[in-house]
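Heads up, the thing below is written out as structure tokens.
The values are calculated or read from the model by the stated rules, or taken from the named source; none is laboratory data. As the structure is a prediction and not an experimental result, all values here were calculated from the model. Cβ atoms come from the backbone with ideal geometry, glycine included; neighbour counts cover every protein chain shown.
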Amino acid sequence: MGYENAKAAFADWGVDTDDAIKRLGTVPISMHCWQGDDVVGFEQKTGSSGGGIQATGNHPGRARNPDELRADLEFAYSMIPGTHRLNLHAMYMDTDEAPDRDEIEYRHFEPWVDWAKAQGIGLDFNPTFFAHAKADDNLTLSHPDAGIRDFWIEHGARTREIAARIGSELGSTCVNNIWAPDGYKDIPIDRMAARQRLEASLDAMLAVQHSPEMMRDAVESKLFGIGVEACTVGSHEFYMGYAIRKGTLLCLDMGHFHPTENIADKLSAVALSLPQILLHVSRPMRWDSDHVILQNDDILAMAHELVSANLLDRTFIGLDFFDATISRTAAWVIGVRNMQKALLRALLTPWERLRAAEDKLDFTARLTLTEEFKDMPFGAVWDEFCAGLETPSGLALINELEAYQAKVASRG
Ligand code: RNT
Ligand code: ZN
């Protein structure tokens, strides 16, 4: 169906497709750099990725250095409609020096900022509390050894300073997200002591105030990870309380809860207590497996809540998955586009009609409306959105993705 016909079909339901297209074009998605190289990073030293977040697979084409990663990113962005962001981890420094994590400075990341300026995109940032000898026990900010805690506090404090500088250089707020793997494989004796140590370390790390225009802190909880099955120190309750008390963002990663929990349901609940939220949109398959996101019910429900609860303006949308069994650039492109497609569906929803049915307790009408609406020509509106931003879709997209993968497949 052509766009004009689709537009008329949506208009029958009281939905303006042009408005939806316009709004979708203003929503940036923060694309995670770590899908491009299987969460390895560019530090001089080698080591396992650690923290229970190893990518699986050995598809050819992994980016081995910052230049390759940037080339892959540029290609991926050219296949995604709109202007987006890059989410960088501290382990992705671009420098000939070999600073340890407690020695990193802005200059070690400057090439990324220069590149972001040239691309016209914003950057987000993360301290890296894994893939390091001092994190081998899966204890960092909550380690019983004060020396190890101080090392990681210094790392975190430096990332905040770097994030603030990045934000001011680019004129775009940089979200600095804190995720630490801390936990215990088997049942701990003193959970409280570990949580008190984590809290004190976070307080020390966040002691310096940075302009909220330049950078914002986020904290990310987790239910469990490989190697920390019995207890994760930074659990959901821990970080939710912390974020509310300290005024940081709360990061909700869709893989970090019990597999049957509805993460979308949490948005309106936490938004009553928190001014801003960060999302790590992911697809957990039976556990925190970080599969590439699909246009499935979970993602559609997230988008539904973001639009229905009017949270788009106070939610930072980041992606977090890593699959090394497929083309890494295709993974990025498909993942970001799926997030956008889910948002488009939500923006094209006849909210007033649905709310009216719900408020009248007419659940039959609500069900009939949502199910009939599923057959609307969303694809035609998506194609119009892509065409307007000169981005391919359908077979043209597939050809481009295949051609790029063929180009990078010879990387060793
Ligand atoms: C790990 C967290 C965290 C990481 C990235 C690399 O379980 O989800 O967000 O995936 O920081
Ligand atoms: Zn995450």
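Looking only at the stretch 310-335, filter to residues that are assigned to a helix (DSSP H, G or I) and aliphatic (A, V, I, L, M); which one of those is nearest to ligand 1 (Cβ to nearest atom)? Let's see the steps before the verdict.
Filtering the stretch 310-335 down to residues assigned to a helix (DSSP H, G or I) leaves 312-314, 328-335.
Then drop every residue that is not aliphatic (A, V, I, L, M), which leaves 312, 330-331, 333-334.
On the way: Leu312: 21, Ala330: 20, Ala331: 14, Val333: 19, Ile334: 18 Å.
Once the filter is applied, the top-ranked residue is Ala331.
Kindly evaluate Ser273 against the criterion of being surrounded by fewer than 21 Cβ atoms within 10 Å (Cβ to Cβ), in a loop (DSSP other than H, G, I, E, B), within 11 Å of ligand 1 (Cβ to nearest atom) and not charged (D, E, K, R).
Values: surrounded by fewer than 21 Cβ atoms within 10 Å (Cβ to Cβ): yes; in a loop (DSSP other than H, G, I, E, B): yes; within 11 Å of ligand 1 (Cβ to nearest atom): no; not charged (D, E, K, R): yes.
Answer is no for this residue.
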Legend entry - the stretch 219-233 residues that are at positive phi, paired with ones that are within 14 Å of ligand 2 (Cβ to nearest atom) (beta carbon under 9 Å, 6 or more apart): Gly227/Gly51; Gly227/Gly52; Gly227/Pro181
Inset, instruction - Out of Gly171, Gly156, report the one residue that is under 21 Å from the mean Cα position of the chain (by Cα) and buried (at least 22 other Cβ atoms within 10 Å of the Cβ). - result: Gly156
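Determine whether the stretch 115-131 contains at least one residue that is assigned to a helix (DSSP H, G or I), among the aromatic types (Phe, Trp, Tyr), over 21 Å from the mean Cα position of the chain (by Cα) and more than 16 Å from ligand 2 (Cβ to nearest atom). Steps first, answer last, please.
To start, the set of residues in the stretch 115-131 that are assigned to a helix (DSSP H, G or I) comprises 115-119.
Those left that are additionally among the aromatic types (Phe, Trp, Tyr): 115.
Now narrow it down to the ones that are over 21 Å from the mean Cα position of the chain (by Cα): none.
No, because not a single residue in the stretch 115-131 is assigned to a helix (DSSP H, G or I), among the aromatic types (Phe, Trp, Tyr), over 21 Å from the mean Cα position of the chain (by Cα) and more than 16 Å from ligand 2 (Cβ to nearest atom).
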Inset, instruction - Only one of these is crowded, with 22+ Cβ neighbours inside 10 Å, over 19 Å from Val281 (Cβ atoms) and modelled with pLDDT of 95 or more: Val219, Val233. Name it. - result: Val233
Inset, instruction - Please list, ordered by first then second residue, the pairs with beta carbon atoms under 8 Å, 6 or more apart or interchain, first in the stretch 343-364 and in contact (Cβ under 8 Å) with a residue 12 or more places away in the chain, second crowded, with 17+ Cβ neighbours inside 10 Å and part of a loop (DSSP other than H, G, I, E, B). - result: Leu343/Val27; Leu348/Val15; Leu348/Met376; Thr349/Val15; Pro350/Val15
Inset, instruction - Return the only residue of Ala55, Ala63, Ala71 being at pLDDT 95 or above, in a loop (DSSP other than H, G, I, E, B) and not β-branched (Val, Ile, Thr). - result: Ala63
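Working only within the stretch 345-380, note down all residues that are of a type in the set (S, T, N, Q), surrounded by 13 or more Cβ atoms within 10 Å (Cβ to Cβ) and either touching a strand residue (DSSP E or B) at 6+ places or on another chain (Cβ under 9 Å) or not in a loop (DSSP other than H, G, I, E, B) (or both).
Selection gives Thr370 alone.
Take the residues of the stretch 395-412 that are loosely packed, with under 11 Cβ neighbours inside 10 Å and part of a loop (DSSP other than H, G, I, E, B): which is modelled with the lowest pLDDT?
Taking the stretch 395-412 first, the residues loosely packed, with under 11 Cβ neighbours inside 10 Å are 395, 403, 410, 412.
Filter once more, so that each one left must be part of a loop (DSSP other than H, G, I, E, B): 410, 412.
On the way: Ser410: 96, Gly412: 79.
Only one residue fits best here, namely Gly412.
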Inset, instruction - Go over the candidates Glu220, Glu229, Glu237 one by one and state the one that is in contact with a Phe, Trp or Tyr (Cβ under 9 Å, 6 or more places away or on another chain) and more than 16 Å from ligand 2 (Cβ to nearest atom). - result: Glu229
Inset, instruction - Considering only residues that are surrounded by fewer than 23 Cβ atoms within 10 Å (Cβ to Cβ) and hydroxyl-bearing (Ser, Thr, Tyr), look in the stretch 304-334 and name the one that is farthest from ligand 2 (Cβ to nearest atom). - result: Ser308
Inset, instruction - Specify the residue that is nearest to ligand 1 (Cβ to nearest atom); the eligible residues are those in the stretch 289-309 that are among the charged types (D, E, K, R) and not in a loop (DSSP other than H, G, I, E, B). - result: Asp298
